[in-house]
Amino acid sequence: MLLDFVIFVIGLVILYFGADWLIRGAASLALRFGIRPLVVGLTVIALGTSMPEFLVNYFAAVTDQDGLALGNVVGSNICNIALILGVSSIVYPMSVKGGTLKKEYPIMLAVMILFYALSFDGLISRLDGAILVSGLVAFLLFIVIDARRHGRSKSLAEDDVATSGVLLPMWKKVMFLIGGMIALTIGAKLMVDGAVNIAAELGISSVVVGLTVVAIGTSLPELAASVVCAIKQEADMSVGNVLGSNLLNVLFVVGLVALIRPLSVEAEAIQIHFPVMIGFSLLLLPIAWTKYQISRFEGGVLLVGFLAYLSYLVLPQI
């Protein structure tokens with residue numbers, strides 16, 4: 001049990017560094033070949049940050065752990081809203097520009113509902129995957145066109161990569177790219193192996209492990225980044241990252257994995273966990289649209305809701 005937990009944590013650490021190297025290498029190479037930093041930030045960096053979830057889900061799916069795969073996505077989406085925005089707004093109340101919510105939020109909500117609807121028959125098929133990936137292409141085109149039209153400012157990550165893209169020699173860019181891919185693959189495999197063994201030894205379902213340990217683990221980098229954004233009073237960036245992460249978890253991660261191998265959906269997920277995910281998504285609407293602000297109290301409501309859901313998942317297993 002202890003060894004499996006250590007393997008899981010080691011996999012998580014390797015996954016984190018692998019994602020960082022992959023993004024740095026891929027973005028630097030894209031810049032080297034003349035792709036605009038804005039487009040790199042909205043596509044390469046956005047997809048790169050979702051690679052850990054994709055590979056975790058891929059390895060879970062090919063080892064017949066569909067519950068772990070879907071639990072990771074649904075749990076990550078819940079964590080992003082309830083845990084990350086909850087903690088971030090408690091650290092510092094978050095004032096959000098109306099445009100961020102009026103554009104990205106309805107898209108995210110529509111994608112969550114589509115994801116739920118596609119799961120009703122108990123299977124995310126290859127056709128469902130194709131629908132989600134088509135939505136991904138449309139979304140990426142939308143954000144690139146919208147950014148060009150409105151002159152959206154670059155993110156901190158984008159600035160960092162743009163600078164490193166100039167300074168890094170070509171061989172280092174390639175090494176970052178290759179090293180990142182290798183590290184991501186190893187880290188994801190270790191995480192899945194550790195999580196599956198933990199579930200088996202504790203006698204709990206892989207869905208619960210995916211919804212809790214794996215989801216929280218893969219959300220920790222976003223939590224740290226969002227808290228920093230809140231302290232720096234960059235609430236738009238924090239909320240935008242959460243909305244974008246939830247979108248990519250479904251369109252990119254689930255869509256691409258389902259194209260490779262269809263995913264079965266357990267009845268419990270359809271009846272309970274999907275509605276909880278959509279419920280937290282809907283809860284964000286009145287909270288953030290009142291005065292375009294998430295107060296400490298409202299952040300506390302989100303966090304308490306998350307802890308209550310976590311207790312519902314964990315306590316029956318003890």
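Name the pairs whose Cβ atoms lie under 7 Å apart, with the first residue in region 18-41 and closer than 26 Å to residue 146 by Cβ and assigned to a helix (DSSP H, G or I), the second among the hydroxyl-bearing types (Ser, Thr, Tyr) and at pLDDT below 65, and 6 or more positions between them or separate chains?
24/164; 28/164; 41/155
Which one of 269, 308 is at pLDDT 95 or above, small (Gly, Ala, Ser) and part of a helix (DSSP H, G or I)?
308
In this structure, does residue 141 turn out to be among the hydrophobic types (A, V, I, L, M, F, W, C), closer than 30 Å to residue 60 by Cα, modelled with pLDDT of 60 or more and loosely packed, with under 14 Cβ neighbours inside 10 Å?
In short, yes.
Could you tell me how many of the residues in region 281-299 are surrounded by 14 or more Cβ atoms within 10 Å (Cβ to Cβ) and either modelled with pLDDT of 95 or more or not in a helix (DSSP H, G or I) (or both)?
Residues flagged as surrounded by 14 or more Cβ atoms within 10 Å (Cβ to Cβ) and either modelled with pLDDT of 95 or more or not in a helix (DSSP H, G or I) (or both) within region 281-299 amount to 4.
Under 6 Å by Cβ, and 6 or more places apart or on different chains, what pairs join a residue from region 198-211 that is surrounded by fewer than 24 Cβ atoms within 10 Å (Cβ to Cβ) with one that is part of a helix (DSSP H, G or I) and among the acidic types (Asp, Glu)?
Matching pairs, first to second residue: 198/4.
Taking the options 201, 234, name whichever one is farther than 29 Å from residue 141 by Cβ, modelled with pLDDT under 90 and charged (D, E, K, R).
Answer to the check: 201.
Given the structure, is residue 19 surrounded by fewer than 23 Cβ atoms within 10 Å (Cβ to Cβ), among the small types (Gly, Ala, Ser) and at pLDDT 70 or above?
No; evaluated as a whole, the condition is false for this residue.
Which condition does residue 306 not pass, out of (1) over 29 Å from residue 58 (Cα atoms); (2) surrounded by 21 or more Cβ atoms within 10 Å (Cβ to Cβ), if it passes all the others?
For residue 306, the exception is condition (1).
Assuming residue 188 fulfils every condition listed in (1) touching an Asp or Glu at 6+ places or on another chain (Cβ under 6 Å); (2) crowded, with 19+ Cβ neighbours inside 10 Å; (3) farther than 22 Å from residue 272 by Cβ apart from one, which condition is it?
Result: residue 188 passes all but (1).
The values are calculated or read from the model by the stated rules, or taken from the named source; none is laboratory data. Since this is a predicted model, take the numbers as computed values, not measurements. Note: ideal-geometry Cβ built from the backbone for every residue, glycine included; neighbour counts use all protein chains shown.
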